[in-house]
Every structure is written in structure tokens, then in C-alpha cells.
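The values are calculated or read from the model by the stated rules, or taken from the named source; none is laboratory data. Here the structure is a predicted model, which means the values were calculated and not measured. Methodologically, a virtual Cβ is constructed for each residue, glycine included, from the backbone with ideal geometry; neighbour enumeration extends over all protein chains shown. Surface accessibility is based on the protein's heavy atoms, side chains included, excluding ligands, DNA and RNA. Shrake-Rupley method; radii C 1.70, N 1.55, O 1.52, S 1.80 Å.
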Amino acid sequence: MGSTATRSIVQKLGSAVKEVARTKCSSWWYTPHMAAASRAIAERIPLVDFVLEVRDARIPLSSECSQLGDLLSSSRRIIVLNKIDLAKQSAMKEWTKYFNQEKSPAFGVNAHNKENIREFLNFLQARARELLKTGHSGQTITLMLVGIPNVGKSALANALHQVGRISALEKGKLKHATVSPQPGETKNISSLKIASHPNIYVLDTPGILPPEIFGDELCSKLALIGAIRDCIVGKNDLAHYFLAVLNLSQEYKKWSRFSAMENVRSSIYQEGELSESSHVDKRQYATDHTQDFIVNDVRRTLFEAVSTFSGDLENDKYLEQLIEVESRMLRNAFRITQSEVDGHTKIAIKLLDLYRTGRLGHYALDDIPRFS
Ligand SMILES: Nc1nc2c(ncn2[C@@H]2O[C@H](COP(=O)(O)OP(=O)(O)OP(=O)(O)O)[C@@H](O)[C@H]2O)c(=O)[nH]1
């Protein structure tokens, strides 16, 4: 991601962002509460043993908790790339390698996967034991989860607490952190025990962002992963941004099996024989139990729109044309009639929901910096 064509879509989004900002509020997300939370977190960082900086695995660089700056650049920081189930799997190894080379240990995790959380807990316990061996003064290790909103800090705190090796009594006594798809739901710093021998506690903290976010593309990515509210960018512009990402990727090619057009083509050219690629498709979707006809219609529509489009997608004009075509075609796929009020916004909401739940593929939204 990052071609000139996408950047041009983003520049348009940029004017929308500035318009909203001018007419409503300069930085919607930076409430007095967030300012206070940022100060409280900064004050506690020197007091904890490890800082777990949670980032979204779909945007490992853009979801950096930038305003904690130097406070995080120490050996006590571990980068947690959460939501790996929604990220492009093939890129995850490269990202961990990249952060390790940058001397920032990184761990990819899915907060909803118990096995993953167990591995993560083992990793944390090993780090805690190492620290105790090297002359830590007490017998209790404290970890603090920090990060921008909606990256899954509370979900991780709860999951670590649930799989943690602590007594049933301790589990019963402790409260759970609030998990929500809306950013900014965690209001206070709370503590959960996640292990005994040694005792390890994890502090869940409210998501924080800097008062100003520079760069329209960054705003779009943060909105796409739900760290800032959609209305800051605008739902329609955000959906267009997502379509630009999709059109410039190869993900849509996986949906050829939903297309009757493609089925006819294969039966003509392959005279009824299953090709190598059909075998691959079948294997790939064997675990996809989506029974949702609408989702499959959306995939088919997008596959047909992109694969029949003849313009050069590196050219802004053609990319925009394709997005226009897709937006019109998606109305049918989402069963939204012409007479429905605010049809475009309804399409945008549904499309963004499918992307965010991983049903429209996995995309690398950040590029891995190349080593020289
Ligand atoms: N698919 C997926 N969803 C996740 C994962 N972790 C968290 N979520 C979802 O992401 C949303 C945000 O999770 P939270 O734990 O509330 O995020 P947070 O960072 O505490 O959010 P703030 O309170 O805004 O700081 C919720 O809908 C979670 O269910 C994950 O690993 N995979």
C-alpha cells in the first residue's frame, strides 16, 4: 500500500478530514479525559517492570503509541501485535523480524485465541523470571498494557487473566476489563492478576492518542481499524479508501469461485476438469463456513468488478472510476434499493463491517521498512 493512486484517494479524504475538523472540533478524540489518562500512564511507566505496547497487527507502524515517545524506547518495552487473525498472515513473521532487528522484542497474538494467549503468557512468565534472576527487588512483577484506542488492550488483559495460572478464588474476586468495538471505552487503569510464582499483575489502561494526527493516510488507517471514530474521516470516504486498498491488492482473486462468469470460463477452458488452482481454492475455503449469501455476493461483485476492469489502476483517474463502479454494484449485493434514503452510507457501513470482521480478506496496510 502506498502507491500514488491510493495516495490520491487519501488526499481527497484529507480534505474531508480537514473540513470536518474545521466545522466541528480540532481534535475530537483528544478529550480532557484522554489528556489526563496520558499523564497518568506516563507517570506510571517508570514504576512498572515491563510495558506491553499493544499495536494493531494490520498497521504495526501506524498504530504506534507515539506520544509516549522516549518513555517507551527502552529494553522494558515489548511490542504486542494484536489481532493477527485480521492481518495478512504472510507478513507477520517479517514484522516480528523487523522489530527484533530494531531491538524491540515483538509478539504477535490473537486475544480471542486461548492457545495463542497461553503461548503469550509463557513468554511473559519467562521474561518475568529472567528479571527476578537479575536482581529485581520484589517478588511481584507488574506489566502495563498501553496503546492507542481499540487495539485490544482490555481483551488481552481479560484473556491473560482467564488463562492465567492463578487460583479459582483469585479469579472470582477480580473484575474484568471492559471490551468494546467502540474506541475509548476503557476509562480507568485497572489491575488483573495473570500468574503466580512469580506473581504477575497486568495493568489495563485507557487508549491514548496525540492531540493531533498528522497525515491523511494515517487518519484513514486509524479509522479503518477503529482507533478513531469513522465520522472523523467520513464513512463514505473511508469505504472508498478501503476499496482503493482492495483494488490494489491481490485479495479479490481468491473470490473467483463465487463468480458464475468465472465458472463458465473455467468449464469452457478446462472441459470439466478441475484445474490445479481450483484444487487450491477448495483447500483454502474448506474451513470457511460462511453461509452468508450477502457476503458471498459482495465477494463475487468485487471480484467481477476488478477482474473485468481494463483501466490502469496505478492511474488515479481509473482507480476512482473503478470505485464508482463498485459502489454502484454493491448496492445490489447488499440488497439496498434505489429508493432507500442514504443508500451510499448504508453500503459504506456494511462494507466496513465486513472488512473489520475479516470477511473481506487480509491486507498489508503498512509497508515493512526495508533494511539497507
Ligand atoms: N478479531 C479480533 N478482535 C479483537 C482482538 N482483540 C480485541 N478484539 C476486539 O477489538 C475490539 C476492541 O477491544 P478492546 O479490548 O476493548 O480494545 P482496547 O484497546 O481496550 O480499547 P480502548 O478502551 O479504546 O482503549 C473489541 O471488539 C474486541 O472484541 C483480536 O485479537 N482479534
Legend entry - Unique residue being modelled with pLDDT of 90 or more, more than 20 Å from Leu86 (Cα to Cα) and either away from the ligand (no atom under 16 Å from the Cβ) or crowded, with 23+ Cβ neighbours inside 10 Å (or both) when the list is Leu169, Leu145, Leu156: Leu145
Inset, instruction - Scan Leu313, Leu365 and give me the residue that is more than 30 Å from Gln101 (Cβ to Cβ), modelled with pLDDT of 90 or more and assigned to a loop (DSSP other than H, G, I, E, B). - result: Leu313
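Restricting to strands (runs of 3 or more DSSP E) lying wholly in the stretch 75-170: which have 3 or more residues that are farther than 19 Å from Cys65 by Cα?
140-146
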Inset, instruction - Kindly indicate which of Ala195, Ala177 is within 16 Å of the ligand (Cβ to nearest atom), open to solvent by less than 20 Å² (accessible area, probe 1.4 Å) and either among the β-branched types (Val, Ile, Thr) or modelled with pLDDT under 95 (or both). - result: Ala177
Legend entry - Residue, nearest to the ligand (Cβ to nearest atom), within the stretch 316-372, restricted to residues that are among the β-branched types (Val, Ile, Thr) and within 21 Å of Tyr252 (Cα to Cα): Thr357
Legend entry - Selection from the stretch 90-118 of residues that are over 30 Å from Gln250 (Cα atoms), surrounded by 13 or more Cβ atoms within 10 Å (Cβ to Cβ) and of a type outside the set (Val, Ile, Thr): Ser104, Pro105, Arg118
Inset, instruction - Output the qualifying pairs, or none if there are none: Cβ atoms under 8 angstrom, residues six or more apart or on different chains, first residue in the stretch 295-308 and open to solvent by 10 Å² or more (accessible area, probe 1.4 Å), second residue of a type in the set (Val, Ile, Thr). - result: Asn296/Thr290
